[in-house]
Structure formats: C-alpha cells, structure tokens
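Take a look at the structure set out below.
The values are calculated or read from the model by the stated rules, or taken from the named source; none is laboratory data. Because the structure is a prediction, the values reported are computed rather than measured. Here the Cβ positions follow ideal geometry from the backbone for every residue, glycine too, while neighbour counts run over all protein chains shown. To get the accessible areas, we keep the full protein, side chains included, count just its heavy atoms, and leave off ligands, DNA and RNA. Shrake-Rupley method; radii C 1.70, N 1.55, O 1.52, S 1.80 Å.
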Amino acid sequence: MVVTFQVTDREHGEWAVLRVSGELDLMTSPVLRQRVHDVVAEGRHSLVLDLSDVWFCDSSGVGVLIASRRLLRSCQGSLRLILPARGAADGSHVNKVLGALGVRRLFEIHPDVPSALDEDSRPLSA
C-alpha cells in the first residue's frame with residue numbers, strides 16, 4: 001500500500017500556509033516538522049497549518065503540532081490550524097484526536113483558510 005502524504009505551501013501576505021494531506025503519523029510527521037522549521041528559518045513567523053485533508057493523525061503527529069506551536073511562540077509568532085467547521089459534527093479525525101488528548105484548547109482553530117487569515121475572525125471554540 002502506498003501512503004500519500006503531501007505538504008504544499010504558499011504565502012498570503014505575512015502568513016505562510018502549509019496544506020497537509022494524507023496521514024500524519026510516525027513515518028510522515030518528520031516531513032511536516034522539517035517544513036515548519038524551514039518556514040521559521042526563512043523568517044516567517046505567522047503560520048497556518050491546513051489540516052482539512054488529513055484523514056489520520058497519531059500521537060507523533062500531535063507531537064509535531066505541539067512542537068510547532070512552541071517553536072512559533074518562542075519567536076513571538078502565531079500558529080493557526082484549519083480543521084473544517086464540520087469537523088466536530090462528522091468526526092474529523094484530527095479534531096477527535098486533539099480533543100481526546102485534551103490539547104485542542106492549545107490551538108487557535110479555524111474552519112478554513114480565509115477565516116484563519118482574517119485578523120477580525122474569531123477562532124472556533126475548543
């Protein structure tokens with residue numbers, strides 16, 4: 001079985017957006033960790049991780065999300081996660097995992113990229 005995991009990036013003003021798709025697990029989480037480090041090394045400290053196409057996330061994936069948050073906070077940056085608004089209702093896997101581990105409240109979560117990029121937009125409640 002071939003596992004497809006992809007991270008694509010683009011810029012929106014001061015924000016870097018990394019769109020993650022596939023499984024975020026022990027095998028793939030180092031790729032995301034490196035991409036986040038690359039973004040910060042380029043001097044971009046406002047990051048949106050679009051996780052709307054991640055269908056599986058294990059503890060190593062959650063570890064990367066927490067480490068990314070810590071890294072960005074250490075350089076006075078911001079991290080926002082995209083989990084679709086329907087996530088809680090339809091059982092979005094990442095939403096479930098973050099909630100089950102009690103760490104969802106650590107993140108600023110938005111339903112889509114435009115919402116995350118809008119400074120006046122309010123994040124979804126934990």
| Single condition residue 61 does not satisfy, out of (1) modelled with pLDDT under 85; (2) touching a Leu at 6+ places or on another chain (Cβ under 6 Å); (3) of a type outside the set (A, V, I, L, M, F, W, C) | (1)
| Under the condition of being open to solvent by less than 80 Å² (accessible area, probe 1.4 Å), over 21 Å from residue 111 (Cβ atoms) and at pLDDT below 85, which residue from the range 1-27 is farthest from the chain's Cα centre (by Cα)? | 3
| Among all residue pairs at least 6 apart or on different chains, which show Cβ distances below 7 Å where the first residue, located in the range 23-49, is under 23 Å from residue 76 (Cα atoms) and the second is of a type outside the set (D, E, K, R) and part of a loop (DSSP other than H, G, I, E, B)? | 40/75; 45/75; 45/76; 45/77; 46/77; 47/77
